[in-house]
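What follows is a set of notes on a single structure, which appears directly below.
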Amino acid sequence: MEMLPSVNKRANILHQSGPPPSETDQLTYVQLINSLGEKGQTDQESIGLLLKLAKTDGVYAELAGHTALRITTRSVVRNRSDQVHTVSWLAERLDDCFNTLVNREWITANDLAAYGSAVASLSPRPAQLKMDGVLDRVANLGDARLKLTLELEWWKNHKTIPELAEIIDRWKQTVSHSERVPESIANCLACTDYVNIGDLEAALAIFSEAFSDNPRSIETYLRLLTEAGQADHLVTFAEKAIELSSEDEQYNIIALNGIGFLLELADDSVLNLSDQLIGLSPNSLAILDFASQVHFTRGQHAKAAAFLSKMNEIQPDKALVLNNLAMCLIEIPEEVTRAIEVAKNATRLAQHNASVMDTLAVALLRDGQPEKAVAQLESAIAIRKEPRFLFHLLMAYEQLGRQDKYDEAYSLLSQIDLDVSGLTRSEREIYEKKFL
């Protein structure tokens, strides 16, 4: 973990309006420290200032207390992964932060979860007493789920997988009989717990039963795995679903959830999964769509275009399919002319669709027709102001040599967080060079 040598440079913000700094100035500093905490950076002075503010009667005291605990707990966990022992001052500050919130009666379930995770990463002997105290507080809150999460995190390094599985089983039986949590939801949550402790066989057994009863349950399982930070296992569960399937409808459900959860990965395992689905149901629109998006995400535009062309043959004149096909063709130099024609057909079918107008504009830009591209982009922006359209307008002005318009668009775009997922791979490279 990178440790900052001094807080002095960042402390300058507190002295702009002269000592003593106002609470507003201190809050600004807290927010700055907050952003540093996101990067895993911290130091003694910064946490000390947050604690000092937390112990005042000011309006920002509670915010400072929660922020101090959040940053400290994250730093303890990250530090533990890098070193054999946690830095002593960091462990002391952890207790200071927690006790401050407890004493001021500001402690929340989120605070207990964060503190418990940090305690679980400390050396066993002193941490056991602290964890017992945390679990008692959680039990008093009546939050059985949080209690289980912290117990598993604590015992993961001290018990065997079968012993951990017994803890999960007891929780599942307790909540299933309490009528507070439906059995189906309890099974979903337990599935993620089994994955967390490394018992993938037990997790897949629960999933298999749920999928066999209701194939659409795959969405809940993939979503919970994603939220639990277990995205590495998504393909394994999708493969199990394929193994359990025998009908086109089941394959379609898997493909639709592949679009929803697997495209961000788009690695070789996802590619193999899409190929497997294509082999099982080669004329399924959902599967063809999934395969096209996997290849597009990987920058394999010709293959993506082939799947989209087949979709258009099966079900002609769908504006979205034509729009996506045009986006693929734009990335293939020898297919730009065809891309323009396909995009024009899409705009004919969806005359007031801003995204379709934008695709046609990009095709025109690639063909060296920036004037026509600007006209399309201005029409698109009039319908919906989207950063992606502005980025393409910037490219058009650059091609036209309109420095004044380019500077204006650049100034606006530099103040906006652009979601690059809507850009092609080549456009992302251009955006990164210009703005990142």
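Every number in this text was worked out from the coordinates using simple rules, so none of it is lab data. Fair warning: this is a prediction, and the values are worked out from it, not measured in the lab. Reconstructed Cβ throughout: ideal geometry from the backbone, glycine too, with neighbour counts over all protein chains shown.
In this calculation the C-beta distance from V102 to E239 is compared with R0 = 51 Å, giving a FRET efficiency of 0.65. In plain terms, the bigger the Kirkwood radius, the slower the diffusion; for segment 239-293, with that radius from Cα pairs, at 4 °C and 1.567 mPa s, Stokes-Einstein puts D at 120 µm²/s. What the Kirkwood sum gives for segment 330-436 is a hydrodynamic radius of 13.9 Å, with every pair of different alpha carbons counted. At an R0 of 56 angstrom, the distance between the Cβ atoms of I167 and A382 translates into a FRET efficiency of 0.45. Under the criterion of Cα pairs below 8 Å and six or more residues apart, the relative contact order for segment 207-324 equals 18 percent.
Across the alpha-carbon set of segment 260-393, the Rg to Rh ratio works out to 1.00, Rh being the Kirkwood radius.
Each label point was placed 7 Å from the Cα along the Cα-to-Cβ direction; for R338 and R223 their separation is 3.9 nm. Neighbours of D213 by Cβ distance under 15 Å: Lys/Arg scored +1, Asp/Glu scored -1, total -3. Below 28 Å, Cα to Cα, which lysines can K372 reach? Residues fewer than 8 away in the same chain don't count. Those lysines meeting the cut-off are K318, K344, K385, K405, K433, K434.
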